[in-house]
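A short worksheet on the structure shown next.
The values are calculated or read from the model by the stated rules, or taken from the named source; none is laboratory data. Everything numeric in this text was worked out from a predicted model, so none of it was measured. A quick note on method: Cβ atoms are made from the backbone with ideal geometry, for glycine too, and the neighbour counts reach across all protein chains shown.
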Amino acid sequence: MIAVAELLRDNAFINGYWVNARSGSRFAVLNPADGREIATVPDLDDSDTQDAIDAAEGALREWKERLAGERANLLKRWHELILEHADDLAMLMTLEQGKPLAESKAEISYAASFVEWFAEEARRAYGDVIPSHAADKRIMALRQPIGVVAAITPWNFPSAMITRKVAPALAVGCTVIVKPSELTPLSALALARLAEDAGFPSGVLNVITTSRPDVVGKTLMASSVVRKLSFTGSTAVGKILLKGCADTVKRVSLELGGNAPFIVFSDADLDAAIEGAVASKYRNAGQTCVCANRIFVHRDVAEEFIVRLTGRTQALKVGPGVDDQIEIGPLINNAAIDKVERLIGGAVKAGAQIRTGGKRHDLGGTFFTPTLLSDVTDDMDITNEEIFGPVSAVSVFSTESEVIDRANNTPYGLAAYVYTCDNARIWRITEALEYGIVGVNTGVTSTAVAPFGGVKESGLGREGSRMGIEEYLETKYVCIGGV
Ligand code: SIN
């Protein structure tokens with residue numbers, strides 16, 4: 001068992017070594033619950049990033065030539081180690097990210113599930129033998145690792161968004177450079193420490209910490225050695241990365257912002273709809289890309305739904321995530337709380353009603369009171385921007401076709417939720433919604449076994465499921481003549 005102190009790494013991990021920045025610069029990682037410093041980590045720049053690229057390139061050949069079963073066994077060992085250290089990893093996550101300990105534990109098990117899933121999939125990266133077009137020729141399609149991968153990951157899921165990218169990449173023989181968010185690098189470094197213990201060869205997995213993601217990002221994008229970039233984060237940054245990868249024609253996977261509609265029809269099981277709304281809206285204090293952003297409720301059940309969801313919202317326990325019973329931790333930083341205030345202020349000015357909350361929490365810092373707004377309309381900023389905070393924004397609809405049009409009226413298309421007991425409607429509406437993920441009578445859809453990803457400006461590609469491995473494979477067509 002690795003001691004807790006060993007998991008709290010404060011150096012970057014490049015080519016199997018724990019290293020400081022060449023410049024010696026470091027930056028602080030803060031606890032969002034109290035603003036205190038937890039640790040400092042190296043502030044890497046372009047030259048350090050190049051070291052990581054060289055390391056990943058150097059390790060590639062040996063790694064991709066290993067048997068799939070060998071790679072699978074290392075992933076399985078990593079999976080076991082993550083589970084063995086789940087409590088310590090969860091505590092570290094709560095300290096640097098703020099989410100309640102129960103959610104951190106759930107995320108560690110979610111993170112581990114990707115490693116397990118892709119360890120199993122490693123042996124199944126099948127190619128094809130294709131019936132030939134000519135008698136003297138044989139045709140095959142081989143599936144090969146794409147090469148060196150850069151994974152740029154967010155602060156809202158500091159572990160799961162790493163394993164969701166790294167595990168499939170390693171499974172098929174790619175080598176990886178992870179650039180975690182500057183707000184939550186410690187979870188990434190702890191995962192790397194466990195990967196080291198699992199026995200991955202040097203250079204196969206590298207973690208680079210920086211407070212200057214633009215500098216490091218430019219080096220990763222400009223490198224012709226890096227053949228694939230996978231990013232989870234905002235749509236605005238995703239667009240910059242997509243453009244930046246054009247010069248080297250990299251493969252790109254993007255898991256970007258959402259604006260999830262949560263639709264409750266009059267025939268819905270309201271108890272289930274309210275529990276689903278709480279689960280979807282308030283997970284991680286509303287800071288997920290799949291959180292219900294716009295709650296549409298049918299006119300006939302709207303007031304009952306609003307009153308009951310208001311009660312559930314008021315009852316949520318707010319506080320530092322390390323305390324038992326806490327359901328809503330702090331928001332990640334001041335920018336997040338400023339945004340929530342701006343969106344609520346704008347909505348109220350335009351006619352929305354605050355049913356509960358609507359203001360900063362008495363605990364101070366970045367704690368925000370869980371909020372429910374009714375009378376929200378489609379022209380408000382709160383309807384058109386990702387809220388990323390504990391705010392339910394409820395509006396009313398009258399017909400199925402109206403709510404489909406309103407739900408689809410956004411550049412985003414990640415997750416949508418529908419509550420209805422009408423089977424025919426389930427088919428009609430899931431087909432009509434322009435979203436990559438549709439939850440029917442559930443507010444929680446995330447799992448390693450299903451394809452996660454968005455359409456429109458919510459992203460490119462899928463993570464998890466057997467499709468998640470495709471993102472790290474190239475197809476090589478082989479034509480054998482003279483047969
Ligand atoms: C995200 O918010 O980016 C990921 C959420 C999930 O995997 O459930």
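Is segment 228-235 home to any residue that is within 26 Å of Glu385 (Cβ to Cβ), touching a residue at least 24 places away in the same chain (Cβ under 8 Å), in contact with a helix residue (DSSP H, G or I) (Cβ under 9 Å, 6 or more places away or on another chain) and assigned to a loop (DSSP other than H, G, I, E, B)? Yes, segment 228-235 has at least one match.
Considering only segment 236-263, state which residues are in a strand (DSSP E or B), surrounded by fewer than 22 Cβ atoms within 10 Å (Cβ to Cβ) and within 15 Å of the ligand (Cβ to nearest atom). Matches in segment 236-263: none. In this structure, is Gly233 assigned by TED's automatic domain parsing to the domain that holds Val148 and within 13 Å of the ligand (Cβ to nearest atom)? Against the criterion (assigned by TED's automatic domain parsing to the domain that holds Val148 and within 13 Å of the ligand (Cβ to nearest atom)), Gly233 qualifies. Note on segment 287-397: enclosed strands (runs of 3 or more DSSP E) holding 2 or more residues that are in contact (Cβ under 8 Å) with a residue 12 or more places away in the chain, surrounded by 21 or more Cβ atoms within 10 Å (Cβ to Cβ) and of a type outside the set (Gly, Ala, Ser) are 292-298, 371-374, 391-397. The numbered conditions (1) more than 22 Å from Ile469 (Cβ to Cβ); (2) more than 16 Å from the ligand (Cβ to nearest atom); (3) out of contact with any Gly (no Cβ under 7 Å at 6 or more places or on another chain) are all true for Met221 except (3). Scanning for something of a type in the set (Asp, Glu), without any contact (Cβ under 8 Å) to a residue 24 or more places away in the chain and either surrounded by fewer than 17 Cβ atoms within 10 Å (Cβ to Cβ) or under 25 Å from Ala336 (Cβ atoms) (or both), does segment 18-39 turn up at least one residue? Looking for residues that are of a type in the set (Asp, Glu), without any contact (Cβ under 8 Å) to a residue 24 or more places away in the chain and either surrounded by fewer than 17 Cβ atoms within 10 Å (Cβ to Cβ) or under 25 Å from Ala336 (Cβ atoms) (or both), one finds at least one in segment 18-39, hence yes. Against the conditions (1) assigned to a helix (DSSP H, G or I); (2) buried (at least 19 other Cβ atoms within 10 Å of the Cβ), Ser109 satisfies every one except (2). Only residues that are under 23 Å from Pro390 (Cα atoms) and outside any loop (DSSP other than H, G, I, E, B) were counted across segment 156-184, and they come to 2. Taking segment 53-74 as the range and being touching a helix residue (DSSP H, G or I) at 6+ places or on another chain (Cβ under 9 Å) and within 22 Å of Ala12 (Cβ to Cβ) as the test, the residues that pass are Ile53, Trp63, Leu74. Could you say whether any residue in segment 119-127 is crowded, with 24+ Cβ neighbours inside 10 Å, in a helix (DSSP H, G or I), assigned by TED's automatic domain parsing to the domain that holds Lys218 and within 16 Å of the ligand (Cβ to nearest atom)? No; the residues of segment 119-127 include none that is crowded, with 24+ Cβ neighbours inside 10 Å, in a helix (DSSP H, G or I), assigned by TED's automatic domain parsing to the domain that holds Lys218 and within 16 Å of the ligand (Cβ to nearest atom).
Can you go through Ala134, Ala68, Ala72, Ala151 and tell me which one is at pLDDT 95 or above, in the same structural domain as Arg193 (by TED's automatic domain parsing) and within 16 Å of the ligand (Cβ to nearest atom)? Don't jump to the end; show me each part of the working.
Working: Ala134 fails: within 16 Å of the ligand (Cβ to nearest atom); Ala68 fails: within 16 Å of the ligand (Cβ to nearest atom); Ala72 fails: within 16 Å of the ligand (Cβ to nearest atom).
Only one candidate qualifies: Ala151.
Taking segment 57-68, which residues are within 12 Å of Gly173 (Cβ to Cβ) and in a helix (DSSP H, G or I)? Explain how you work it out, then say what you get.
Within segment 57-68, the subset within 12 Å of Gly173 (Cβ to Cβ) is 59-68.
Within segment 57-68, Ala59, Leu60, Arg61, Glu62, Trp63, Lys64, Glu65, Ala68 meet the criteria.
Taking the criterion of being within 14 Å of the ligand (Cβ to nearest atom) and surrounded by fewer than 22 Cβ atoms within 10 Å (Cβ to Cβ), the residues of segment 444-483 that qualify are Val444, Thr445, Ser446, Thr447, Val449, Ala450, Pro451, Gly461, Arg462, Ser465. Would you confirm whether any residue within segment 416-431 is at pLDDT 95 or above, crowded, with 24+ Cβ neighbours inside 10 Å and part of a helix (DSSP H, G or I)? No.
Is there a residue being at pLDDT 95 or above and either within 16 Å of the ligand (Cβ to nearest atom) or in contact with a Pro (Cβ under 8 Å, 6 or more places away or on another chain) (or both) anywhere in segment 301-314? It would help to see each step written out before you state the result.
The initial filter retains those residues of segment 301-314 that are at pLDDT 95 or above, namely 301-314.
Still in the running and either within 16 Å of the ligand (Cβ to nearest atom) or in contact with a Pro (Cβ under 8 Å, 6 or more places away or on another chain) (or both): 313-314.
Within segment 301-314, one or more residues are at pLDDT 95 or above and either within 16 Å of the ligand (Cβ to nearest atom) or in contact with a Pro (Cβ under 8 Å, 6 or more places away or on another chain) (or both).
Starting from residues that are part of a helix (DSSP H, G or I) and of a type in the set (S, T, N, Q), keep the ones in segment 264-286 and report whichever is farthest from the ligand (Cβ to nearest atom). Spell out how you get there, then give the answer.
If we filter segment 264-286 for residues that are part of a helix (DSSP H, G or I), which is where we start, we get 270-286.
This time we only want the ones that are of a type in the set (S, T, N, Q), so: 280, 284.
Details: Ser280: 10, Asn284: 8 Å.
Per the stated criteria, the residue is Ser280.
Being in a helix (DSSP H, G or I), closer than 30 Å to Ile328 by Cα and among the small types (Gly, Ala, Ser) is a description that applies to Ser187. With respect to being assigned to a strand (DSSP E or B) and in contact (Cβ under 8 Å) with a residue 24 or more places away in the chain, Lys218 falls outside the description.
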